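Enquirer: A single structure is presented below for examination.
Throughout, read-outs are computed from the coordinates displayed, never taken from laboratory work. Not measured: the values here are computed from a predicted model. So basically every Cβ, Gly included, is an ideal-geometry build from the backbone, and we count neighbours across all protein chains shown.
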Amino acid sequence: MYKTSMKKLLILVAAAAGVLAFSSCQTMEGVGKDISAGGQALSGAASR
């Protein structure tokens, strides 16, 4: 019984970690796009 509950807990923790990792990757991708867009706007304004 102890091994079964530990196995379920391990699976739950691994699934939660996977979900968090996936969501943080999406967030970091958005931040990168925002920073890139800001840099391009600044570069365009400087070249005028």
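Enquirer: Calculate, in nm to one decimal, what Val13 and Thr27 gain on full extension: separation in residues at 0.36 nm each, minus their alpha carbon distance.
Expert: That works out to 2.9 nm of additional length.
Enquirer: For labels at Met6 and Asp34 in the simple 7 Å Cα→Cβ model, what's the distance in nm?
Expert: Placing both labels 7 Å along Cα→Cβ, they lie 4.3 nm apart.
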